[in-house]
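Notes to accompany the following structure.
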Amino acid sequence: MEHRKKRQRNWYGLHVLGLAAVCLMLTACGPDKGEEEDTTARTESTAQTDDSSYSRESGTEPATEPPEELMTEDETFAALIEWINPNVYTVAAAGEYSYDGVRYYRYEISDNGEDVGADVLVDREEGRLYYLNVDGVISEFTKFPPDGTETAGPENAISREDALALLSACPIDSLGLTEELSAYTIQFDDWTTIVEGKECYGINVYEESESGSRLAGMYYAALDGSVLYRLGGEDGTFIEIH
């Protein structure tokens with residue numbers, strides 16, 4: 001009787017030792033589920049922080065300065081009617097116009113159906129007004145209507161004939177022409193242009209051929225007869241003629 005009880009105690013002890021060994025093996029296999037979830041959460045949180053830091057500091061697009069704000073057509077029209085009364089003159093918007101990197105709104109002005117002699121440009125950056133003649137020359141807007149529509153000029157002004165005579169006396173190489181001025185067709189602007197602070201006649205010189213007329217040169221003679229200019233190149237530079 002005592003012998004059987006002793007054998008039962010030995011079997012029970014072996015069973016307990018076996019369970020302890022299994023628990024040790026499971027523990028050695030890796031972290032428990034709670035620790036794994038906590039580690040995953042920390043990893044994802046770090047990744048999100050890194051991503052947001054990258055987006056904030058470097059971004060997907062390079063940082064650029066905001067473009068300069070230009071005047072709208074309504075704003076340029078408001079600048080225009082400070083000089084030109086739309087109840088007296090007909091003002092028609094003719095769209096945008098660009099020259100030498102400057103952007104304008106263009107307006108056609110007429111008086112009882114008759115063009116006043118030049119369109120008006122409004123600078124979309126500064127709101128300043130300019131005249132644009134039929135040959136594409138931009139000139140200062142000093143008064144309205146343009147001077148060319150007035151019958152009387154300054155008391156000391158030379159006549160158009162005198163201005164043409166001064167131009168004809170210049171060497172053809174200084175005019176940038178290949179023939180004497182008399183070989184060309186001459187047309188005066190219907191308005192005056194301010195060049196280097198001087199009021200000038202605008203003189204356009206055309207070369208005639210079988211294919212038609214070609215603009216060969218554009219010149220400006222000061223109304224006081226003191227100086228002549230030539231419009232040189234595509235940059236619109238006024239060159240004094242000597």
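The values are calculated or read from the model by the stated rules, or taken from the named source; none is laboratory data. Computed from a prediction, not measured in an experiment: that's the story for all the values here. Note that we place each Cβ from the backbone using ideal geometry, even for glycine, and neighbour counts take in every protein chain shown. The area values use the complete protein model at the heavy-atom level, side chains included, leaving out ligands, DNA and RNA. Shrake-Rupley method; radii C 1.70, N 1.55, O 1.52, S 1.80 Å.
Points worth noting:
- Flag if residue 196 is out of contact with any helix residue (DSSP H, G or I) (no Cβ under 8 Å at 6 or more places or on another chain), of a type in the set (Asp, Glu) and more than 28 Å from residue 116 (Cβ to Cβ): no
- Residue among 115, 100 that is out of contact with any Ser or Thr (no Cβ under 9 Å at 6 or more places or on another chain), open to solvent by 60 Å² or more (accessible area, probe 1.4 Å) and closer than 21 Å to residue 203 by Cβ: 115
- On the stretch given as the stretch 118-127, residues that are open to solvent by less than 50 Å² (accessible area, probe 1.4 Å) and more than 27 Å from residue 187 (Cα to Cα) total 3.
- Enumerated strands (runs of 3 or more DSSP E) restricted to the stretch 70-150, each holding at least 1 residues that are of a type in the set (Phe, Trp, Tyr): 90-99, 102-111, 129-132
- Boolean, residue 152 is more than 24 Å from residue 136 (Cα to Cα), at pLDDT below 85 and open to solvent by 60 Å² or more (accessible area, probe 1.4 Å): yes
- Applying the set (1) surrounded by fewer than 16 Cβ atoms within 10 Å (Cβ to Cβ); (2) in contact with a strand residue (DSSP E or B) (Cβ under 7 Å, 6 or more places away or on another chain) to residue 88 leaves exactly one unmet item: (2).
- Filtering 181, 121, 167 for residues that are among the hydrophobic types (A, V, I, L, M, F, W, C) and under 22 Å from the mean Cα position of the chain (by Cα) leaves a single hit, 121.
- Residue, surrounded by the fewest Cβ atoms within 10 Å (Cβ to Cβ), within the stretch 165-190, restricted to residues that are among the hydrophobic types (A, V, I, L, M, F, W, C) and farther than 14 Å from residue 206 by Cα: 169
For every residue, the table says whether it meets (1) open to solvent by 50 Å² or more (accessible area, probe 1.4 Å); (2) under 20 Å from residue 170 (Cβ atoms).
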residue: 193; (1), (2): no, yes
residue: 200; (1), (2): no, yes
residue: 210; (1), (2): yes, no
residue: 217; (1), (2): no, yes
residue: 222; (1), (2): no, yes
residue: 227; (1), (2): no, yes
residue: 231; (1), (2): no, yes
residue: 237; (1), (2): yes, yes
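- Members of the stretch 177-202 that are under 20 Å from residue 237 (Cα atoms), in contact with an Asp or Glu (Cβ under 9 Å, 6 or more places away or on another chain) and of a type in the set (Phe, Trp, Tyr): 191, 201
- Neighbours by Cβ (under 7 Å, 6+ apart or cross-chain): first from the stretch 205-225, within 24 Å of residue 139 (Cα to Cα) and without any contact (Cβ under 8 Å) to a residue 12 or more places away in the chain; second among the acidic types (Asp, Glu) and surrounded by 15 or more Cβ atoms within 10 Å (Cβ to Cβ): 214/207
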